[in-house]
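Colleague: The structure that follows is given in the form of C-alpha cells.
The values are calculated or read from the model by the stated rules, or taken from the named source; none is laboratory data. These figures come from a predicted structure and were not determined experimentally. We place every Cβ from the backbone using ideal geometry, glycine too, and count neighbours over all the protein chains shown. Surface areas here come from the heavy atoms of the whole protein model, side chains and all, with no ligands, DNA or RNA. Shrake-Rupley method; radii C 1.70, N 1.55, O 1.52, S 1.80 Å.
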Amino acid sequence: MQAPPGQTLGRRTHQRHLHAELQNLGYCGSYQTISDYLWPRRRRRIRVVPPASPGIRRVTGWMMRHPENLADGECQQFATVLAYCPELIALHAHVRGFAEILQTRSGQHLRDWIIAVRTADLPRPHAFATGLEKDWDAVLQGLSTRWNSGPVNHIKMIKRQMFGRAELPLLRKRVLLTAAASS
C-alpha cells in the first residue's frame, strides 16, 4: 500500500488499496465492509496542547525572589517569559537593583536607582519611586541603618492580642516572656 512517487494517499485511497490487496488474496466481500470495519479503528488526530503560560502572580513571584532560590524549571520558564517581553527584562533589572540595595543596606545608591528607574519608560516603577521620594528621609534612614521597627510592631501585636486588657505590668510580662521564648 505505497503511494505512487510524489503523491500521498488519503484515507479512502488506503482503504481502496487494502480492499484490492485483500481481493488478490481471495477476499470476496465489498469495499463497504472493509470501510465499516476500519471506521472505529481510524487514527484520530491528536491535538497537542502547549502548556499554559504562567500567570502574572507566578511571574511576579519569580521576579521578586533571588535567582538562586528558583528551581531549574522555574528558571527556564522565567527566561522564556523574559525572552518574549523586553519591558520585563528592564523591570527585572530594576527589581534586582532595589533588592540589592535592601540586602546590603546601601541607601546611598537609592538616588542612582531612582534616576535609572526614571529613565526607563515603565509606569509602575515610576510610581514606586515617587512614593519613596515622598518620605525620602525615612526611606534613606531605613535603607542605611540596621535599626528597624520590628520590636515596636511586636509589642503592638501583643497588645492587640490582649483585647484592651493590657495594663502595663501584664504587657511587660508578656513582652518579656515572648522575648525569652524566641531567644
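Colleague: Taking Ser35 and the conditions (1) modelled with pLDDT of 90 or more; (2) open to solvent by less than 60 Å² (accessible area, probe 1.4 Å); (3) more than 30 Å from Cys75 (Cβ to Cβ); (4) assigned to a helix (DSSP H, G or I), which numbered condition does it fall short on, given that it satisfies the others?
Modeller: Exception for Ser35: condition (1).
Colleague: Okay, next question. For region 101-113, which residues satisfy the criterion of being closer than 23 Å to Arg65 by Cβ and touching a helix residue (DSSP H, G or I) at 6+ places or on another chain (Cβ under 8 Å)?
Modeller: Filtering region 101-113 down to residues closer than 23 Å to Arg65 by Cβ leaves 101-107, 109-110, 113.
Scanning region 101-113 gives Ile101, Leu102, Arg105, Ser106, Gly107, His109, Leu110, Trp113.
Colleague: Further, regarding this structure: I'm trying to understand the selection: among the residues of region 134-162, which are part of a helix (DSSP H, G or I), surrounded by 10 or more Cβ atoms within 10 Å (Cβ to Cβ) and of a type in the set (D, E, K, R)?
Modeller: Across region 134-162, the qualifying residues are Lys156, Lys159, Arg160.
Colleague: Here is a follow-up. Go through region 86-133 and count every residue that is within 19 Å of Thr145 (Cβ to Cβ), of a type in the set (A, V, I, L, M, F, W, C) and open to solvent by less than 50 Å² (accessible area, probe 1.4 Å).
Modeller: 6
Colleague: If Gln103 satisfies every condition in (1) at positive phi; (2) at pLDDT below 90 but one, which is the exception?
Modeller: Result: Gln103 fails condition (1) only.
Colleague: Starting from residues that are in a helix (DSSP H, G or I) and open to solvent by less than 60 Å² (accessible area, probe 1.4 Å), keep the ones in region 39-66 and report whichever is nearest to Leu102 (Cα to Cα). Let's see the steps before the verdict.
Modeller: At the first step, the residues of region 39-66 found to be in a helix (DSSP H, G or I) are 39-41, 56-64.
Within this subset, residues satisfying the condition of being open to solvent by less than 60 Å² (accessible area, probe 1.4 Å) are 59, 61-63.
Details: Val59: 21, Gly61: 17, Trp62: 18, Met63: 15 Å.
If we take residues in region 39-66 being in a helix (DSSP H, G or I) and open to solvent by less than 60 Å² (accessible area, probe 1.4 Å), then Met63 is nearest to Leu102 (Cα to Cα).
Colleague: Another one. Of the residues that make up region 123-131, is at least one more than 19 Å from Leu176 (Cα to Cα), touching a residue at least 40 places away in the same chain (Cβ under 8 Å), not in a loop (DSSP other than H, G, I, E, B) and not polar (S, T, N, Q)?
Modeller: The answer is no, given that none of the residues of region 123-131 is more than 19 Å from Leu176 (Cα to Cα), touching a residue at least 40 places away in the same chain (Cβ under 8 Å), not in a loop (DSSP other than H, G, I, E, B) and not polar (S, T, N, Q).
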